[in-house]
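Report on the following structure.
The values are calculated or read from the model by the stated rules, or taken from the named source; none is laboratory data. What you see is a predicted model; the values in this text were computed from it and never measured. Cβ placement follows ideal geometry from the backbone for every residue including glycine, while neighbour counts extend to all protein chains displayed.
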Amino acid sequence: EKYQSGLEKTRQSFSSKLNDLMARYRKVDEDFFEELEEVLISADVGVNTVMELVEELEMEVKRQNIKETDQLKEVISEKLVAIYMDENESIPTLNIQENELSVILFVGVNGVGKTTTIGKLAHKLKQEGKKVMLVAGDTFRAGAIEQLDVWGERVGVEVIKQSSGSDPAAVVYDGIQAAKSRGADVLICDTAGRLQNKVNLMNELSKVNRVIEREIPGAPHEVLLVLDATTGQNALSQAKVFSEATNVSGIVLTKLDGTAKGGIVLAIRKELNIPVKLVGLGEQMTDLQVFDPNAFVYGLFS
Ligand code: GDP
């Protein structure tokens with residue numbers, strides 16, 4: 001249901017183009033496939049994914065001897081899910097430990113929705129009965145600490161912070177000590193998102209990582225990279241930079257509700273080989289969902 005409303009823009013654009021295409025062609029032929037490629041690419045599904053999908057479709061059309069385009073809708077959605085996820089594969093979930101402190105590190109460029117996502121995730125985990133604490137590790141951007149504080153209050157979780165400009169690794173260290181002494185289940189750490197200086201970014205992230213690894217063996221349990229779906233292919237290049245700077249374990253794709261090109265989620269999964277674990281489908285506290293390819297594709301075709 002959340003998927004359907006969150007994907008409204010993509011769904012409308014995609015299904016109107018698809019319906020139009022099917023009405024114009026009726027018969028499955030090469031020209032039809034060529035135009036289908038264009039429709040999928042215009043939804044940002046990604047060229048490689050589209051090529052693979054169309055190849056699969058052509059084989060399926062032969063196998064099932066499909067002649068009419070309107071018989072293809074079902075096959076297209078099935079194949080889209082199949083390309084994204086093997087039959088026996090389960091939906092990737094967050095690696096959160098039972099009965100011990102889990103640390104989640106958030107990385108991503110300013111403006112992608114990092115702070116908002118941290119707030120939403122804190123809310124979600126709190127709803128699941130976890131004791132959550134936040135660390136204001138973005139000490140660089142003006143207002144970042146206050147903004148996280150606002151979310152902390154809204155959700156009702158404690159925020160560990162220092163003054164602006166202080167060493168992020170030191171704040172994270174404080175956060176870990178506080179989380180240990182208060183018996184927290186999950187510690188979510190914000191980090192600065194400046195991409196202008198890649199060396200600084202890498203140094204800062206590796207220092208923060210070192211502190212976390214030293215204080216808690218096996219941590220961080222997740223390094224989540226936040227990407228903005230409305231930035232399309234730009235999101236892909238950000239992902240490449242961050243994967244070089246740190247071990248990204250999952251992606252959060254935000255603002256899917258704000259784009260007609262929601263297919264980007266499939267491109268990202270396919271091109272980067274990093275699981276999309278969460279998606280942002282709105283600005284409210286509850287607009288964060290586990291990424292479920294089936295629900296996603298169903299949301300597109302319903
Ligand atoms: P940060 O700089 O990465 O921390 O970004 P913010 O968390 O401040 O978010 C930037 C803007 O994006 C804010 O206006 C958020 O309300 C908005 N935003 C974040 N996630 C979503 C989402 O999933 N959907 C929509 N529509 N807006 C979002």
Pairing a residue in the stretch 182-211 that is farther than 25 Å from Lys120 by Cα with any residue that is exposed (fewer than 13 other Cβ atoms within 10 Å of the Cβ), where Cβ atoms lie under 9 Å and the two sit 6 or more apart in sequence or on different chains, gives Lys198/Glu244; Met202/Glu244
Every listed condition ((1) closer than 30 Å to Gly143 by Cα; (2) out of contact with any Lys or Arg (no Cβ under 8 Å at 6 or more places or on another chain)) holds for Gln64 save (1)
Residue set Gln127, Gln162; condition more than 21 Å from Ala219 (Cα to Cα) and without any contact (Cβ under 8 Å) to a residue 24 or more places away in the chain; output residue Gln127
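List the helices (runs of 4 or more DSSP H) that sit entirely inside the stretch 1-65 and contain at least 2 residues that are of a type outside the set (Gly, Ala, Ser) and within 16 Å of the ligand (Cβ to nearest atom). Lay out the reasoning, then the answer.
Numbers: elements: 2-6, 8-25, 30-42, 47-64.
Filter on the stretch 1-65 gives 2-6, 8-25.
Listed here are the residues, each with its yes/no results for (1) modelled with pLDDT under 90; (2) of a type in the set (Asp, Glu).
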site: Leu187; (1), (2): no, no
site: Lys198; (1), (2): yes, no
site: Glu204; (1), (2): no, yes
site: Arg214; (1), (2): no, no
site: Ile251; (1), (2): no, no
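Just for the stretch 1-56: of the residues that are basic (Lys, Arg) and in contact with a Leu (Cβ under 8 Å, 6 or more places away or on another chain), which one is surrounded by the most Cβ atoms within 10 Å (Cβ to Cβ)?
Taking the stretch 1-56 and keeping what is basic (Lys, Arg), we get 2, 9, 11, 17, 24, 26-27.
Those left that are additionally in contact with a Leu (Cβ under 8 Å, 6 or more places away or on another chain): 2, 11.
Values: Lys2: 16, Arg11: 20.
So, considering only residues that are basic (Lys, Arg) and in contact with a Leu (Cβ under 8 Å, 6 or more places away or on another chain), the one surrounded by the most Cβ atoms within 10 Å (Cβ to Cβ) is Arg11.
For the stretch 192-210, does any single residue satisfy the condition of being of a type in the set (D, E, K, R) and within 30 Å of Ala260 (Cβ to Cβ)? Don't jump to the end; show me each part of the working.
Our first condition is that a residue be of a type in the set (D, E, K, R); within the stretch 192-210, this holds for 194, 198, 204, 207, 210.
Filter once more, keeping what is within 30 Å of Ala260 (Cβ to Cβ): 194.
Yes, some residue in the stretch 192-210 is of a type in the set (D, E, K, R) and within 30 Å of Ala260 (Cβ to Cβ).
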Considering only helices (runs of 4 or more DSSP H) wholly within the stretch 99-216, the ones with at least 2 residues that are under 22 Å from Leu253 (Cα atoms) and within 16 Å of the ligand (Cβ to nearest atom) are 114-127, 144-155, 198-215
Among residues of the stretch 240-280 being away from the ligand (no atom under 16 Å from the Cβ) and closer than 17 Å to Arg11 by Cα, the residue surrounded by the fewest Cβ atoms within 10 Å (Cβ to Cβ) is Ala267
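On the given criteria, is Ile83 in a helix (DSSP H, G or I), in contact (Cβ under 8 Å) with a residue 12 or more places away in the chain and closer than 28 Å to Asn234 by Cα?
yes
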